[in-house]
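I have placed the structure first, in the form of structure tokens, so that the comments after it can refer back to it.
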Amino acid sequence: MTKVNRNSVKMNRRSLLSGVAISIAACVTDRVFAAGVRQAVPHSLGDSPPAMSVPGDACDSHHHIYDGRFPVSPHWTQGFPANAAVADYRLLQRRLGTSRSVVVQPSTYGVDNRCLIDALRQLGGQARGVAVVDTNVTDSALAELGDAGVRAIRVNFISPQTWGKTTADMLTNLGRRVDKAGWHVQVLMTGEQIAEHEAAIRSLPNRVVIDHLGRIPQPEGVNHAGYAAVRRLLDTGRVWVKLTEPYEDSKVGPPDYADSGAVARAYARAAPERMLWGTDWPHPTQRSAKPDDAMLLDLLSSWAPNPADQRRILVTNPAELFGF
């Protein structure tokens, strides 16, 4: 008669139970949601959390930090929002239930990225940065930014810049410089400028992120030449769009920003795998009435109704692009 090794049976039973527990945990983790809480936040209307279920590791892929400890660039004459430092932004994360974020260097500080670097240090490994540099930037300066968590540069054709007018040649030269580090290029242009510079954007070796829905003017919306240019660029497979700032070009306004929302919905339908969402907190272009950030997040449910696409836009896409 074969003697049963009771210890072996116990070990196998433990292994089986452990494996089942791990499998259950994996399933649960896949369904984990980060609940926001009621929280008043500077520069944000209301205090209610989002109504939608926010997936764990959700990322706010576009916000700014302003800190009075750092000097404003001499070229900038418009001031900056008070109470928009890292501690203030953490209140917004608490309200929304987001944990990852992308800090974008505002034009306020020009090419002095010290505030950005400091913000990334405070936010830690759950944050990445988008810097602003000019054509004189050194390789060592780029390396320092990379070490701090920067993964892209922003090339702005709209706001005042330290060098004056931004040109297509500057975009091309800077894109080539940072491509060596594997960084992407974030472009802020009006819809008209995107249509004008489509060839230059297409020629970049980098992945390219189009800021703020491409700033497509209303009421033309999806019938505008800028929208058509963005759609062609999306079809290259190397261009991404930030579903941010629907209020900036909307003519109908809150709560749905239905005109800009139609543009966002069309992008999300065309390429959900290359869409990003962000708050643009503290909404520096909105100097009087600030939007409701929880409502801006809830709009994603309308723009991308499929929960799998929402998770992709909030978690998977930013993780891929920024290396979380």
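The figures follow:
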read-out: Every residue from segment 86-109 that is assigned to a helix (DSSP H, G or I) and open to solvent by 10 Å² or more (accessible area, probe 1.4 Å); value: 87, 88, 90, 91, 93, 94, 107
read-out: Cross-chain or 6+ apart pairs with Cβ under 6 Å, segment 104-133 first and in contact (Cβ under 8 Å) with a residue 40 or more places away in the chain, then surrounded by fewer than 23 Cβ atoms within 10 Å (Cβ to Cβ) and among the polar types (S, T, N, Q); value: 107/159; 110/73; 110/162; 111/162; 126/99
read-out: Any hit, segment 275-289, residues being farther than 22 Å from residue 40 by Cβ and part of a helix (DSSP H, G or I); value: no
read-out: Unique residue being surrounded by 16 or more Cβ atoms within 10 Å (Cβ to Cβ) and under 29 Å from residue 50 (Cα atoms) when the list is 121, 128; value: 128
read-out: Residues (within 20 Å of residue 169 (Cα to Cα) and part of a helix (DSSP H, G or I)) located in segment 201-213; value: 201, 202, 203
read-out: One residue from 100, 69, 95 being of a type in the set (Lys, Arg) and within 28 Å of residue 160 (Cβ to Cβ); value: 69
read-out: Flag if residue 287 is open to solvent by 40 Å² or more (accessible area, probe 1.4 Å), closer than 22 Å to residue 91 by Cβ and not hydroxyl-bearing (Ser, Thr, Tyr); value: yes
read-out: Members of segment 152-200 found to be part of a helix (DSSP H, G or I), aliphatic (A, V, I, L, M) and closer than 17 Å to residue 225 by Cα, listed by number; value: 194, 195, 199, 200
read-out: Residue in segment 132-151 that is surrounded by the fewest Cβ atoms within 10 Å (Cβ to Cβ), counting only those that are assigned to a loop (DSSP other than H, G, I, E, B) and in contact with a Gly (Cβ under 9 Å, 6 or more places away or on another chain); value: 134
read-out: Search result, residues across segment 229-258 that are open to solvent by 40 Å² or more (accessible area, probe 1.4 Å), assigned to a helix (DSSP H, G or I) and more than 16 Å from residue 158 (Cβ to Cβ); value: 231, 232, 258
read-out: Residue among 68, 36, 79 that alone is closer than 15 Å to residue 294 by Cβ and either open to solvent by less than 90 Å² (accessible area, probe 1.4 Å) or at pLDDT 95 or above (or both); value: 36
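The values are calculated or read from the model by the stated rules, or taken from the named source; none is laboratory data. It should be emphasised that the depicted structure is a prediction, and the values quoted were computed from it without experimental measurement. FYI the Cβ positions are ideal-geometry reconstructions off the backbone, even for glycines, and counts take in every protein chain you see. SASA here: full protein model, heavy atoms, side chains in, ligands and nucleic acids out. Shrake-Rupley method; radii C 1.70, N 1.55, O 1.52, S 1.80 Å.
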